[in-house]
Structures are given as structure tokens and as C-alpha cells.
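Structure first, commentary second.
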Amino acid sequence: MSNTVATNFEIRNVAQAELKAIIELVQLVDLDEFGETDFTEGDVQEEWVTPGFDLEKDAWAVYNTQNLLIGYASLSHAGELASYCMGFVRPDFYGQGIGPMLVRLAETRARECLHKAPPEGRVTINNFINGRNKAARNLLEREGYNLARTFWRMRIDLEAEPAEPQWPEGITFRNMQPETDAFAVYEAVEEAFSDHWGHLPRPFEEWKETRINVPSFDPALWVLALDSNNTVAAFSLGKFTSEGGWINTLGTRRAWRGKGLGKAVLQQAFLDFYRLGKKRVELSVDSDSLTGATKLYEKAGMQAVHEYARFTKVLRDGPELSTQSL
């Protein structure tokens, strides 16, 4: 499909060969918005191989008449009840209608997929933007989106080797063993995050495809805290980035909260990254976390460096099946 939008722009389906140009575009936008970037080919590739993602239908590239990539957007599907759009426009082409065009393309595609959703349950499309980007905020509001939540990107730069964590009595820890631990970690994640805003349960196989069967998976960066029954009580699931370490997921099961286990798992993750030569560690967290995660990270020395805003549009109303109402 090739669709001429205006005399100066053309929308195209995305091909694997465009990966390098897309990375360069996203990095350029990041530098303009945040003054830094750690976006890599792996970030895009992992989305492209996510179950349910169709590169020919869920991604769009915009080119000018000089065949320069000036816009890119993708739509990922979190089960059938929520989809997430990420859009990028080359900074020197802001204000020329490319952003609204990409937002509408993603919404059209999300509506095409409504038939896949169960008959009950609210269906939404979501966009994440720089929380301080007023132009992007105004664009989404004009398109019928509402601010749903803000998230912080938090960071710590480790100047010296962190101290060994103090583990609660009865707890041991080790790294993940993929052959035997996958389902146990999945169960722990589902329980811990059932208390988090916006959480939607998902099948084990889907979780495995997006967390384990991806290039960035490294069991040496997954810390598991085990109780006396050898049950996963808490966890930190990390990966490398171009700039350091990233904690994808950190959580504690309900029965072990308030005992210092979350802090110990976080400190062990810091220590592991440091010993592997990564002195900068980052993560993303709900700024209004119901479990007090932001306070834990601040006490551990992390600071918020960027703010992201999640804007949501309801495509089909119905009962809210996520934990948004908590």
C-alpha cells in the first residue's frame, strides 16, 4: 500500500529494510525532546516480533518527496482490550499535519481489530508522549484522548559498588533458570501487578513471548527472591540498554510486602549491573503508584529524569476489566 497524503508527503507500509532509518528518526526525536537517547534496534525489533503485531498493518512510514523518512508510528496490541501507539515526527517537520495523520491511522487500525475483543469489557487505544510536550498534548486532546496517568523514568548513576543487600529472614536469592522458572516468575508477576493501575491479566504464552523469547532476555539479569518453600516472593527482571541497565519489572507478592524485600531485590539488581560494568540503572514507574514504588526508588537513590503521559481514548465502552479503578 502506498497512499499519497499531500503533495509533499507519502505514507508507506514499513519493511524490515527500513529499520536503520527508523532508529535514526526515533533517536533524533528523543534528542530533541529529552536531550538524550538510548533507543536501539532491539527496541523496535522486539515490538515487531510481538505476538499479534503485523508489520504490514500495524506500522506506518511517512516520506517526503526527497525520500527522507520524516514520520513513523506503530500500534502494538496488549491482548484484545488495549492497544498502544507510539508516533515520531522529524523535528524540522513539526506542525505540518504529520502527527495528526499518524494518530488517525493508528486509531483506524485499532478499530479494525475491535472484532477480536471479547463482547464484554472496555476497549481503549493509548498514546505515550513526553509529559511536557504541550503540542503533543493538545493534538491528542483534539483527537478525543484524555490524560489517564503519568509515569516517571527514574535513574541512578552508581559511583561505587553498591553494598550487599540485607535479605529478610527465610529468603534466599538467585538468578533465573529459564528451563524451570518461567511459569513461576509469570505467576509472581501476575499476582504482584494485579494491584497496579491498568493491569490486564494475560496468558502465560503471551507473557513468555514478550519477556523471554526476545533478543534482550538475559537470565543473569533476572533476580529472584525465594521463600522457604522455594516460591518466588519478589523479583527484578532486567536487561541491558546502550547506556546501562534497565529494570523492566520489579515486584513483591502481597504476603511479603512491608518486610524490606523490594528494597533488597532492587539493591541486588544494582549490584549485578555494576559488576557487569553498567553504572547507570533506570526504570519506569507509575508516578501515583498504589504500592509506594516511587518512594522505594527514591530512598534507594533513584531520581526522576523524565515524565511521560499516557493519553487514552475509549473505542468501545463497557466494564473496566483492568485495575484502573483501584
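The values are calculated or read from the model by the stated rules, or taken from the named source; none is laboratory data. Computed from a prediction, not measured in an experiment: that's the story for all the values here. When we count neighbours, we look across all protein chains shown, and the Cβ atoms used for this are built from the backbone with ideal geometry, even at glycine. What goes into the accessible areas is simple: the full protein's heavy atoms, side chains included, and nothing from ligands, DNA or RNA. Shrake-Rupley method; radii C 1.70, N 1.55, O 1.52, S 1.80 Å.
Some observations on this one:
- Filtered residue count, region 107-131, keeping only those that are within 17 Å of the chain's Cα centre (by Cα) and among the hydroxyl-bearing types (Ser, Thr, Tyr): 1
- Scanning region 203-248 for residues that are part of a strand (DSSP E or B), farther than 27 Å from residue 53 by Cβ and either open to solvent by 30 Å² or more (accessible area, probe 1.4 Å) or not β-branched (Val, Ile, Thr) (or both) yields 224, 225, 226, 233, 234.
- Applying the criterion of being farther than 22 Å from residue 248 by Cα and not aromatic (Phe, Trp, Tyr) to the residues of region 139-158, the residue that is most open to solvent (accessible area, probe 1.4 Å) is 142.
- Near pairs, Cβ below 7 angstrom, 6+ apart or cross-chain, from region 202-215 (under 14 Å from residue 190 (Cα atoms)) to any residue that is part of a helix (DSSP H, G or I) and open to solvent by 50 Å² or more (accessible area, probe 1.4 Å): 204/183
- Condition check for residue 266: within 17 Å of residue 165 (Cα to Cα), of a type in the set (A, V, I, L, M) and assigned to a helix (DSSP H, G or I): yes
- Taken over region 87-123, residues that are in a strand (DSSP E or B) and at pLDDT below 95 amount to 1.
- Flag if residue 90 is touching a residue at least 60 places away in the same chain (Cβ under 8 Å) and among the basic types (Lys, Arg): yes
- Residue within region 47-67 that is touching a residue at least 60 places away in the same chain (Cβ under 8 Å), surrounded by 15 or more Cβ atoms within 10 Å (Cβ to Cβ) and part of a strand (DSSP E or B) present: no
- Exclusive hit being within 30 Å of residue 142 (Cα to Cα), open to solvent by 50 Å² or more (accessible area, probe 1.4 Å) and basic (Lys, Arg), set 310, 275, 316: 316
- Just one of the listed residues (136, 82) is modelled with pLDDT under 95, surrounded by 20 or more Cβ atoms within 10 Å (Cβ to Cβ) and of a type outside the set (Ser, Thr, Tyr), namely 82.
- Inspection of region 171-185 identifies at least one residue that is β-branched (Val, Ile, Thr), more than 30 Å from residue 127 (Cβ to Cβ), in a strand (DSSP E or B) and open to solvent by 40 Å² or more (accessible area, probe 1.4 Å).
- Some residue of region 30-46 being in contact with a Phe, Trp or Tyr (Cβ under 7 Å, 6 or more places away or on another chain), buried (at least 16 other Cβ atoms within 10 Å of the Cβ) and in contact (Cβ under 8 Å) with a residue 12 or more places away in the chain: no
- Residue satisfying all of: in region 186-202; open to solvent by 40 Å² or more (accessible area, probe 1.4 Å) and more than 18 Å from the chain's Cα centre (by Cα); modelled with the lowest pLDDT among these: 191
- Residues that are closer than 25 Å to residue 206 by Cβ and crowded, with 17+ Cβ neighbours inside 10 Å, drawn from region 5-25: 14, 22
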